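The values are calculated or read from the model by the stated rules, or taken from the named source; none is laboratory data. Small disclaimer: the values here were computed from a predicted structure and weren't measured. Neighbour counts run over all protein chains shown; Cβ positions are idealised from the backbone, glycine included. Each accessible area value is taken on the protein alone, full model and side chains, heavy atoms only, with ligands, DNA and RNA left out. Shrake-Rupley method; radii C 1.70, N 1.55, O 1.52, S 1.80 Å.
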Amino acid sequence: MTTKEQLIEQHIREYESRLRHIDELYARAHEATEHLDEDHASRAELQDIAEKRGELKQKTEELKSLPATNWREETMRSAGPMAIWDIVAQKLEDFVERHE
């Protein structure tokens, strides 16, 4: 495995780790809102976060399937998912803080 391939694998593992962290936060947020009505604003907010999580998962899968020669160009073009990870995680952390 080349150094470039190792770096790509490292990035993919980091994305997957962040996704697991988001999943853990989402589970806590979901538990904290189980007592709320289905039409409650917090449920809608949580659904929006879940959709963004799905987009992150899809982006990770896309990056995993890219050939090494195209990986850098794709991540540079789309700025990678890192900023989105941080935004989603922060929203979830704030949500959990408000509801626990």
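Values for this structure:
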{"read-out": "Dipole magnitude of region 1-40, debye to nearest 20 (Cβ charges: Lys/Arg +1, Asp/Glu -1, about Cα centre)", "value": "460 debye"}
{"read-out": "Between 0 and 90°, nearest 10: helix 82-99 axis offset from the chain longest Cα axis", "value": "20 degrees"}
{"read-out": "The chain, accessible area per residue, ligands and nucleic acids excluded (1.4 Å, Å²)", "value": "66 Å²"}
{"read-out": "Cα-centred dipole magnitude for the chain, charges only on beta-carbon of K, R (+1) and D, E (-1), debye, nearest 20", "value": "600 debye"}
{"read-out": "Theoretical FRET efficiency, 1/(1+(r/R0)^6), r = Cβ-Cβ of LEU36 and GLU5, R0 41 Å, to 0.05", "value": "0.35"}
{"read-out": "Residue of LEU19, LEU36, LEU46 that the Gaussian network model of the chain assigns the largest fluctuation, springs spanning Cα pairs under 10 Å", "value": "LEU36"}
{"read-out": "Cross-link partners of LYS4 among lysines (Cα-Cα below 26 Å; sequence separation of 8 or more within a chain)", "value": "LYS57, LYS59, LYS64"}
{"read-out": "Inverse mean reciprocal Cα-Cα distance (Kirkwood Rh) of region 15-54, Å", "value": "10.6 Å"}
